[in-house]
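This report refers to the structure that appears directly beneath it.
Every number in this text was worked out from the coordinates using simple rules, so none of it is lab data. Since we're looking at a predicted model, the values are computed, not measured. Backbone-built Cβ (ideal geometry, glycine too); neighbour counts: all protein chains shown.
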């Protein structure tokens, strides 16, 4: 079922995307609607799964993670996909993991303290997972921009 958003929903999502900590009363005032309407709509959007969760976005570099790597994982056989994904989930430096098409079965995003730390994550963890045939890593020098999908 495709969600149909009215003007208020779109505006609420835009405000929350900009600053999820913004008080609902301030959003209501800016949108010229009641505070209870804001609460009801946010509750509805959360129940429908449009809003998954609110969280703080941490600056990895300020936490000491200087190396960002996108890594493609080749599997020995497709049947290993689920068990490999479960093992990858146990490695805290892997912050995103996706099933993909093409030369790789899985693509992950890793944050490491430095290149040596990345090497340890790959060689001492990822490569030792049963079913992993190999990896190719792509070091990210800098993020040009990052955003959510458009609200339509």
- Item | Length gained when the stretch residue 58-residue 19 is fully extended (0.36 nm per residue, less Cα-Cα span) | 12.6 nm
- Message: Quick check: residue separation of residue 128 and residue 86 times 0.36 nm, minus the Cα distance between them. What number comes out in nm?
- Response: 13.8 nm
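Given R₀ = 22 Å, FRET efficiency for residue 151-residue 46 by Cβ-Cβ distance, to 0.05?
Details: r = 15 Å, r/R0 = 0.70.
After rounding, the FRET efficiency stands at 0.90.
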- Using a basic spin-label model with each label point 7 Å from the Cα along Cα→Cβ, how many nm lie between residue 74 and residue 26? 5.1 nm
- Starting with the highest mean, order 15-28, 89-102, 117-130 by the number of other Cβ atoms within 10 Å, averaged over the residues of each peptide. 117-130, 15-28, 89-102
- So the angle from the long Cα axis of helix 35-47 to the longest Cα principal axis of the chain, reported in degrees to the nearest 10, equals 30 degrees
- Task: Highest first, please rank the peptides 68-81, 42-55 by the mean number of other Cβ atoms sitting within 10 Å of their residues.
- Result: 68-81, 42-55
- Where q = 0.13, 0.14, 0.25 Å⁻¹, what log10 of I(q)/I(0) comes from the Debye formula for the stretch 5-50, counting one point per Cα? -0.23, -0.26, -0.90
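What are the equivalent ellipsoid semi-axes of the stretch 61-140, built from the alpha-carbon gyration tensor (square roots of five times its eigenvalues), in whole angstrom, biggest first? Before the final figure, lay out the partial values.
Numbers: eigenvalues 90, 29, 23 Å².
Equivalent-ellipsoid dimensions as semi-axes: 21, 12, 11 Å.
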- Tilt of helix 7-18 relative to the longest C-alpha principal axis of the chain, in degrees (0 to 90, nearest 10)? 50 degrees
- In the chain, what percentage of the DSSP-assigned beta bridges are antiparallel, given to the nearest 5? 100 percent
- Item | Segment residue 141-residue 66, length gained on full extension (0.36 nm per residue, minus Cα span) | 26.1 nm
- Share of alpha-carbon pairs per 10 Å distance bin for the chain, given as whole %: 9, 30, 23, 23, 13, 2
